[in-house]
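Okay, handing you the structure first.
The values are calculated or read from the model by the stated rules, or taken from the named source; none is laboratory data. Just so it is clear, the structure is predicted and the values come from calculations on it, not from any experiment. Note that each Cβ is placed from the backbone with ideal geometry, even for glycine, and that neighbours are counted across all protein chains shown. Keep in mind that these areas ignore ligands, DNA and RNA; they rest on the heavy atoms of the full protein, side chains included. Shrake-Rupley method; radii C 1.70, N 1.55, O 1.52, S 1.80 Å.
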Amino acid sequence: LEIGGTNSGIKLKNSGASGRVYSLLSDTSGNFQIYDDAAASGRLVIASSGNATFSGTVKTKNTNASAYPYFAIEASAKEYHIGVGGASTVTGYANNLYIYDNTATAIRMVLDTSGNVGIGTALPTTKLTVNGGYANFTDGTVNIYTGSDGSGGLFGTITNHYQRFITNNTERMRIDNS
């Protein structure tokens with residue numbers, strides 16, 4: 001343990017072969033750092049504004065098969081969790097990457113081990129499974145949607161534009177608004 005030195009702070013030194021030295025310090029800008037002397041850089045910098053910067057990999061790990069290790073992201077009145085369900089967690093979370101809306105207590109998106117993505121569902125059955133209304137595609141002017149209204153499937157534009165059907169990059173049919 002060393003107090004003071006080039007980067008004023010508390011130094012922690014590994015006495016083993018690597019001899020790495022890390023410092024806990026407050027720099028001249030008022031930032032708190034975990035500083036790696038060998039790399040001459042802050043591995044974790046917490047700025048006086050409260051923003052944090054990491055250098056390297058941030059990892060959350062839990063070896064409990066029924067656990068849900070996650071990162072929580074919160075702003076004002078909303079909190080989301082991004083994580084991976086353990087092997088013994090409930091269906092839809094087990095071994096899958098998920099985004100969970102903790103405020104609304106609802107799953108928002110899942111990427112399963114087969115590469116399927118589910119939006120609004122924890123159990124995607126195809127490469128993209130959307131549950132809960134419509135999927136909307138837009139270029140900022142034309143809006144094309146596809147989905148279900150509970151009584152049947154829907155596909156079309158929700159703006160005053162025609163709908164084209166093409167194969168082999170050739171228009172085969174057009175439906176306009178007349």
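Here are SER29, SER41: which of them is surrounded by fewer than 11 Cβ atoms within 10 Å (Cβ to Cβ) and over 22 Å from the mean Cα position of the chain (by Cα)?
Values: SER41 fails: surrounded by fewer than 11 Cβ atoms within 10 Å (Cβ to Cβ).
After ruling out the rest, the residue left standing is SER29.
Please go through region 89-106 and pick out each residue that is over 13 Å from the mean Cα position of the chain (by Cα), part of a strand (DSSP E or B) and at pLDDT 90 or above.
Listed by number, the list holds a single entry, ALA106.
What are the residue pairs meeting all of these: first residue in region 140-155, first residue over 17 Å from ILE175 (Cα atoms), second residue part of a loop (DSSP other than H, G, I, E, B), Cβ atoms under 6 Å, and 6 or more apart or on different chains?
GLY147/GLY133
When you look at LYS78, is it of a type outside the set (Ser, Thr, Tyr) and open to solvent by 90 Å² or more (accessible area, probe 1.4 Å), yes or no?
Numbers: of a type outside the set (Ser, Thr, Tyr): yes; open to solvent by 90 Å² or more (accessible area, probe 1.4 Å): no.
Against the criterion (of a type outside the set (Ser, Thr, Tyr) and open to solvent by 90 Å² or more (accessible area, probe 1.4 Å)), LYS78 does not qualify.
Just one of the numbered conditions (1) open to solvent by less than 80 Å² (accessible area, probe 1.4 Å); (2) closer than 22 Å to PRO124 by Cβ; (3) without any contact (Cβ under 8 Å) to a residue 24 or more places away in the chain is not true of ASN95; which one?
(1)
If you take the residues of region 146-174 that are assigned to a strand (DSSP E or B), open to solvent by 80 Å² or more (accessible area, probe 1.4 Å) and under 23 Å from GLY133 (Cα atoms), which of them is modelled with the highest pLDDT?
The first filter runs over region 146-174 and keeps only residues assigned to a strand (DSSP E or B), leaving 146-148, 153-157, 163-167, 170-174.
If we keep only those that are open to solvent by 80 Å² or more (accessible area, probe 1.4 Å) too, we end up with 155, 164, 166, 172-174.
With the extra rule that they be under 23 Å from GLY133 (Cα atoms), the set shrinks to 155, 164.
On the way: PHE155: 85, ARG164: 89.
Top of the filtered list is ARG164.
Something else: Of everything in region 125-145, what is open to solvent by less than 90 Å² (accessible area, probe 1.4 Å), assigned to a loop (DSSP other than H, G, I, E, B) and touching a Gly at 6+ places or on another chain (Cβ under 7 Å)? Give them in sequence order. Walk me through how you get there before you give the answer.
Looking only at region 125-145, we keep the residues that are open to solvent by less than 90 Å² (accessible area, probe 1.4 Å), and these are 126, 129-130, 132-133, 135-136, 138, 140-145.
Then keep just the ones that are assigned to a loop (DSSP other than H, G, I, E, B); that gives 126, 132-133, 140-142.
Of everything in region 125-145, those that are open to solvent by less than 90 Å² (accessible area, probe 1.4 Å), assigned to a loop (DSSP other than H, G, I, E, B) and touching a Gly at 6+ places or on another chain (Cβ under 7 Å) turn out to be GLY132, GLY133.
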